[in-house]
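Enquirer: Here's a structure for you.
The values are calculated or read from the model by the stated rules, or taken from the named source; none is laboratory data. Remember, predicted model here, so these are calculated numbers, not experimental data. Glycine gets a Cβ as well: all are built from the backbone with ideal geometry, and neighbour counts include every protein chain shown. Each accessible area value is taken on the protein alone, full model and side chains, heavy atoms only, with ligands, DNA and RNA left out. Shrake-Rupley method; radii C 1.70, N 1.55, O 1.52, S 1.80 Å.
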Amino acid sequence: MHTGFWWIILAVAIYGVIHSTLAAIRLKNWVKHWLGKERYDRYYRLFFSFQAGVLFFPILLLIVILPDHVLYHIPTPWLYLTISLQIAAVVGLFHSLLKTGLLRFVGISQALDPQQAKRPLSMVTGGLYRLVRHPLYLCTFAFIWLLPVMSMNILGLNIGISLYTLIGAWLEEQKLMVEFGQDYQAYRQRTPFIIPSLKIRKAE
């Protein structure tokens, strides 16, 4: 059956290439040299967030305009459970963003206040970051894979997002290792990657 599945996979892949290129250290250093460190520190993060949102919109549009086929609907009472888990995922997402600094994450703080742009990032290990190193991605996975209606186009989007997120998380880990060194290495050793682990205390 003809659907937009592969076109959406391709669109997410192109989005991922653009997103990763703009996040690459080499390009960032070039932009910093071209704009100057002060303007780069203040505005690049906001530009990065803005382009990420704008470029993701056409992918969502493809889901609507391309032919599609519904794979399943989650029936009640399971529907109530999945919606509850999605709400929890959204709450967890915002909680994690607040932990890292929502306005700074988007780039608004730096753009409005030059002092914020000069302030170095701090390593966050509280809240959901105590359970996993990437709670933003965990909450994203929970939300997209618990959608009450799954179609071929949505499946393509979810697969594309999941693969790109895993690759992006791995690349982000390398940057964090460089930025925070032994502190992040210790945090990495004691905290799971994306999926929380259940540790059972052995009886003595």
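Enquirer: Among (1) more than 20 Å from the chain's Cα centre (by Cα); (2) surrounded by 11 or more Cβ atoms within 10 Å (Cβ to Cβ); (3) hydrophobic (A, V, I, L, M, F, W, C), where does Val64 come up short?
Expert: Val64 satisfies all of (1) more than 20 Å from the chain's Cα centre (by Cα); (2) surrounded by 11 or more Cβ atoms within 10 Å (Cβ to Cβ); (3) hydrophobic (A, V, I, L, M, F, W, C) except (2).
Enquirer: State all residues of segment 12-30 that are in contact (Cβ under 8 Å) with a residue 60 or more places away in the chain and either touching a Pro at 6+ places or on another chain (Cβ under 7 Å) or open to solvent by 60 Å² or more (accessible area, probe 1.4 Å) (or both); if no residue qualifies, say none.
Expert: Ile25
Enquirer: Something else now. Could you tell me which of the residues Tyr129, Tyr137 is modelled with pLDDT of 90 or more and touching a Lys or Arg at 6+ places or on another chain (Cβ under 9 Å)?
Expert: After applying the criteria, what remains is Tyr129.
Conditions (1) free of Cβ contacts under 8 Å to residues at least 60 places away in the same chain; (2) out of contact with any Leu (no Cβ under 6 Å at 6 or more places or on another chain); (3) open to solvent by less than 40 Å² (accessible area, probe 1.4 Å), marked per residue:
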site	(1), (2), (3)
Arg119	yes, yes, no
Thr125	no, yes, no
Tyr129	no, yes, yes
Gly160	no, yes, yes
Leu176	yes, yes, yes
Arg190	yes, yes, no
Ile195	no, yes, no
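Enquirer: Could you pull out the residue among Leu147, Leu136 that is more than 30 Å from Glu38 (Cα to Cα) and open to solvent by 20 Å² or more (accessible area, probe 1.4 Å)?
Expert: Leu147
Enquirer: Being of a type outside the set (A, V, I, L, M, F, W, C), closer than 23 Å to Met177 by Cβ and open to solvent by less than 80 Å² (accessible area, probe 1.4 Å), is that true of even one residue in segment 76-95?
Expert: No: segment 76-95 contains no residue that is of a type outside the set (A, V, I, L, M, F, W, C), closer than 23 Å to Met177 by Cβ and open to solvent by less than 80 Å² (accessible area, probe 1.4 Å).
Enquirer: Here's another thing I want to ask about it. Which one of Leu46, Leu103 is in contact with a helix residue (DSSP H, G or I) (Cβ under 8 Å, 6 or more places away or on another chain), within 28 Å of Leu27 (Cα to Cα) and open to solvent by 80 Å² or more (accessible area, probe 1.4 Å)?
Expert: Exactly one of Leu46, Leu103 is in contact with a helix residue (DSSP H, G or I) (Cβ under 8 Å, 6 or more places away or on another chain), within 28 Å of Leu27 (Cα to Cα) and open to solvent by 80 Å² or more (accessible area, probe 1.4 Å), namely Leu103.
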